[in-house]
Every structure is written in structure tokens, then in C-alpha cells.
1. Filter segment A:176-210 down to the residues that are assigned to a helix (DSSP H, G or I) and within 7 Å of DNA strand D (Cβ to nearest atom) and list them by number.
2. Hey, any hits in segment A:133-145 for a residue that's at pLDDT 70 or above, open to solvent by less than 40 Å² (accessible area, probe 1.4 Å) and away from every other protein chain (no Cβ under 14 Å)?
3. Of everything in segment A:33-55 that's within 13 Å of chain B (Cβ to nearest Cβ) and open to solvent by less than 50 Å² (accessible area, probe 1.4 Å), which residue is nearest to B:Asp27 (Cα to Cα)?
4. Has segment A:161-175 got at least one residue that is under 14 Å from B:Gln203 (Cβ atoms) and more than 8 Å from DNA strand D (Cβ to nearest atom)?
5. For segment B:171-210, give me each residue that is within 14 Å of chain A (Cβ to nearest Cβ) and small (Gly, Ala, Ser).
6. Is there any pair with a first residue in segment B:43-67 that is closer than 22 Å to B:Asp113 by Cβ and a second that is of a type in the set (D, E, K, R) and open to solvent by 50 Å² or more (accessible area, probe 1.4 Å) whose Cβ atoms are under 7 Å apart and which are 6 or more apart or on different chains, and what are they?
7. Taking A:Asp48 as meeting all but one of (1) more than 18 Å from B:Leu17 (Cα to Cα); (2) at pLDDT 90 or above; (3) under 16 Å from the mean Cα position of the chain (by Cα), write down the number of the exception.
8. Mind listing whichever residues of segment A:156-168 are modelled with pLDDT of 90 or more and over 21 Å from B:Leu198 (Cβ atoms)?
There are 2 protein chains.
Amino acid sequence: MHKQRHQVIIADDHPILLKGLHEFLADLGLEVIGAFHNGKDALDAIQDSQPPLAILDLEMPEMTGLEVAADCKKLGLKTRVILLTLHKELKFYQQAKELNISGYILKEFALNDLRKAVDTVLSGGEFFSEKLFEGLKKEDCLSDHSLTPSELKILRLIADGHSTKEIAEQLFISERTVDKHRSNIISKLNLEKKHNSLLIWAQNNKESLY
Amino acid sequence: MHKQRHQVIIADDHPILLKGLHEFLADLGLEVIGAFHNGKDALDAIQDSQPPLAILDLEMPEMTGLEVAADCKKLGLKTRVILLTLHKELKFYQQAKELNISGYILKEFALNDLRKAVDTVLSGGEFFSEKLFEGLKKEDCLSDHSLTPSELKILRLIADGHSTKEIAEQLFISERTVDKHRSNIISKLNLEKKHNSLLIWAQNNKESLY
DNA sequence: CCAAAAATAGGTATTTCTACGTATTGTCTT
DNA sequence: AAGACAATACGTAGAAATACCTATTTTTGG
């Protein structure tokens with residue numbers, strides 16, 4: 001499968017996972033030229049060696065995998081990036097598409113899937129977990145309900161724990177306007193006609209708002 | 001360090017982590033006689049082989065690591081259990097102490113710490129991460145504020161999105177009583193004197209209520 | 001057993017959230 | 001240019017959450 005020893009740099013702040021990843025890639029015949037437990041060190045190494053592939057954890061101290069990928073793009077490096085993540089979250093996926101992210105896979109994935117991702121990306125392709133999209137469609141109700149920019153802005157402020165009054169002050173609009181937006185949001189999200197249902201929804205769906 | 005080849009059974013639903021754990025224990029000179037990706041299979045294997053040690057993920061499909069440990073105790077097995085977890089959460093630690101849990105470590109831990117835990121537990125000792133306790137004191141405000149059972153019950157219902165009226169009906173008490181409890185909870189938790197601050201707190205701290 | 005703590009209940013007042021109206025202005029698309 | 005949609009704003013009203021009181025009964029710990 002891998003006739004030449006492709007070089008790869010990896011990073012994950014969980015040492016056990018990093019070791020597992022290292023061993024697995026070695027088994028695949030790849031040459032792991034660097035294994036780091038934070039994003040910063042990984043970026044430095046990628047700049048130095050410019051390997052064809054880097055596999056990075058999304059959540060890491062110093063720099064996230066996404067930030068490293070962004071910097072790689074800025075620097076014009078040819079290194080392709082596969083992100084590892086625990087959660088199937090939309091917000092990152094959207095950003096990932098805008099960067100030079102070539103793969104995005106869940107850590108729960110079977111090793112076979114990881115192998116497939118590595119092969120695909122090294123051949124110039126992309127690999128995004130299907131499960132990611134499943135999750136998205138279910139979790140992200142926003143695109144379906146097509147909230148307007150203002151509604152979204154207000155929803156985020158509600159999620160941050162701000163009251164109507166505070167939101168009005170912050171956005172330099174009338175409280176009534178905020179009220180109206182709230183009302184519209186509730187309709188669009190099909191929430192119960194119950195007090196604080198919007199607040200509760202916002203608190204529990206913070207992640208999908210960004 | 002490990003002159004006899006101690007046997008161990010491991011389980012984690014993240015394949016990469018499972019592989020890393022497997023390799024690491026092999027490096028330590030342990031004999032991994034079973035590696036599973038769910039709690040049920042691990043329990044079966046533990047029953048069959050009764051190894052001196054099992055290292056289990058806390059969060060797994062079918063059965064959690066804690067449930068497996070509980071069953072081991074019920075069955076009177078001599079197998080000692082080390083739990084692996086991503087989060088430093090008190091709720092599990094408290095339960096863990098009541099079972100035959102011999103170790104409890106965070107996945108972020110350095111491999112050296114894991115080695116130490118394995119050595120300690122195989123020698124008959126216990127190993128609980130210090131960072132666990134740090135986290136507890138900060139995250140778990142409940143024990144500090146010493147909420148009464150009723151207050152806790154009401155707090156849970158608030159976290160479930162119930163209104164004062166609903167809580168009163170559900171508990172067969174007056175709305176005023178619920179009001180009073182809410183008021184006391186707010187005082188004990190030192191929340192802002194702001195509308196819905198209790199609701200927002202409850203929504204964001206659901207996990208620490210159980 | 002006695003004292004402290006907790007659970008129960010009520011009164012009054014304020015603030016906030018929400019529903020359901022209407023109406024004006026601007027922008028974007030066809 | 002016309003029509004649709006979005007953002008803005010206002011009014012009225014009711015439900016809910018919270019604050020700040022008091023007071024009685026139960027439970028529990030020393």
C-alpha cells in the first residue's frame with residue numbers, strides 16, 4: 001500500500017492516544033518524524049520538515065489543530081492535514097472546509113477508517129467521516145429553520161446569559177425589537193409556548209450557534 | 001520491574017486509544033490477554049480469565065467501566081480495576097471508592113503516571129490522580145454549598161427545564177415552598193441577583209447534579 | 001430530650017419573558 | 001418598479017422568576 005515511506009507528523013495531548021496513533025501509522029508503513037503533545041511544537045516541526053501529511057488533534061493546548069492548519073495555509077506549506085476529534089461538531093467542520101483540511105475523523109473511528117483516510121489523503125483526496133454529517137443534520141437545526149443574521153446574533157447573546165434589556169443596550173436597538181426577534185426565533189425553532197423555553201434551548205444548544 | 005508477566009484485560013471504545021494502551025502495557029512487560037471496545041465483552045473475559053488487573057474506560061457502550069467494576073465486586077472476583085477517564089468528575093469518583101476500584105486516572109496523563117498506577121495497583125496499592133481532586137474542588141460547588149436534599153431535588157428539576165409551578169405539582173408542595181427553596185439555592189450558590197441566573201446555572205451544571 | 005436545621009406555606013412587590021397585535025423603513029430579488 | 005423579506009419599534013397583557021419578609025411543622029443530630 002505505502003511503497004515509499006511517507007513522512008508524517010502527529011500531535012495529540014493525550015499521551016496514550018498519541019502512542020496508539022504513532023504505532024498504528026508505523027504499522028501502516030509511514031515514517032512518524034515527529035510526535036507532539038501540543039499544537040505549537042507540531043507547527044514548528046511541520047515548518048521545518050514540511051512532511052506530506054500531519055495528523056492533529058482538534059483540541060490541544062497552545063494551539064488547536066485548526067489553528068495549526070490555518071497557519072500552514074498562511075505559510076503556503078504543502079503539508080496536508082487530517083484532524084482528529086472526539087466530538088462531531090459542525091462549527092469546526094465549516095471552518096475546516098475553508099482551510100486546507102484534507103480529512104476530519106472521529107476518534108471513535110475504527111482503525112480501518114483511519115487507514116482509509118490516510119490512504120485517500122496521501123493520494124490527493126479528501127476524507128470526511130459520514131458520521132459527522134449524520135450528526136450535523138440532527139444536531140444543527142439552524143440551517144433548517146433559516147434564522148436571519150439578527151436572530152442568530154440575538155440567540156447567541158441569549159445563550160451567553162443576557163437578558164432582553166442587556167441585548168437591546170448592547171445592540172443599540174429597542175427592547176421591543178429584541179422581543180419581536182425572540183418571538184420569531186421561538187416560532188422558527190418550534191419551541192414550546194412556555195416561559196423560558198427559548199433560554200433553555202439556547203443554553204443547551206450553545207455549540208451549534210457558532 | 002515486572003518480572004512475572006502479569007496478565008491484564010483492557011477495554012476502551014476508542015480504537016486508537018485502545019491500541020496505544022495495548023502497546024504501552026506490552027512495553028511495560030505485561031501480557032494483554034484481552035482488548036475490547038465495550039464493557040460487556042470485557043466483563044465476560046474478566047470472568048473467564050480472572051486476571052490480576054483490568055484497565056477500563058469509564059465511558060463505553062453496553063456497560064461503563066464503573067458497571068463492570070461493580071459486577072466484578074458482586075461476583076467476588078479478585079481482579080483489580082483501574083478506570084480511565086477523560087473528565088475529572090466527582091460523581092464517579094465517589095462511586096468508585098465504594099467499589100473495588102484501585103485506580104482512577106485521566107487520559108491526559110503522562111505515560112509515566114500510568115506506569116506508576118499500574119505498578120502501584122499490582123503491588124496491592126491504590127492510585128488516584130491528584131489532578132482529579134484539584135478539579136473536584138473547583139468544579140463541584142455542591143458539597144461546598146451543602147445543599148439540602150430538597151434543594152438538590154428541586155435544582156435537578158430546574159435543570160430538566162421545569163418551572164416552579166410544575167415542580168410544585170410534581171412534588172405535591174406549594175409553589176411558595178419551591179420559591180423559597182429557589183431563593184435559598186441562589187444564596188448558597190452565590191449567584192448573581194439577576195433574573196434567570198438560577199436557571200442558567202442549572203442548565204450549565206446539569207452534570208454535577210447527579 | 002432539646003436545639004438546630006430543614007421543609008413547609010404564605011404575603012407583597014419588582015423585573016423579565018413571552019404572546020399577539022400593528023406599523024414603518026430599508027434591502028434585495030425578480 | 002413591485003413585492004417579499006428583514007429589521008426596526010410600540011402597546012397591552014399575562015405568566016414566571018426573584019427578593020424580602022414572616023411563621024409553623026418535621027426531622028435530625030448531639
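1. Within segment A:176-210, A:Arg176, A:Thr177, A:Asp179, A:Lys180, A:His181 qualify.
2. no
3. In this case the residue turns out to be A:Ala35.
4. For segment A:161-175, residues under 14 Å from B:Gln203 (Cβ atoms) and more than 8 Å from DNA strand D (Cβ to nearest atom): present.
5. Selection gives B:Ser197, B:Ala202.
6. Cβ pairs passing all conditions: B:Pro52/B:Arg80; B:Leu53/B:Arg80.
7. (3)
8. Of everything in segment A:156-168, just one residue is modelled with pLDDT of 90 or more and over 21 Å from B:Leu198 (Cβ atoms), namely A:Ala168.
The values are calculated or read from the model by the stated rules, or taken from the named source; none is laboratory data. Small disclaimer: the values here were computed from a predicted structure and weren't measured. Every residue, glycine as well, gets a Cβ built from its backbone with ideal geometry; the counts of neighbours run over all protein chains shown. All accessible areas refer to the heavy atoms of the entire protein, side chains included, with ligands and DNA or RNA removed. Shrake-Rupley method; radii C 1.70, N 1.55, O 1.52, S 1.80 Å.
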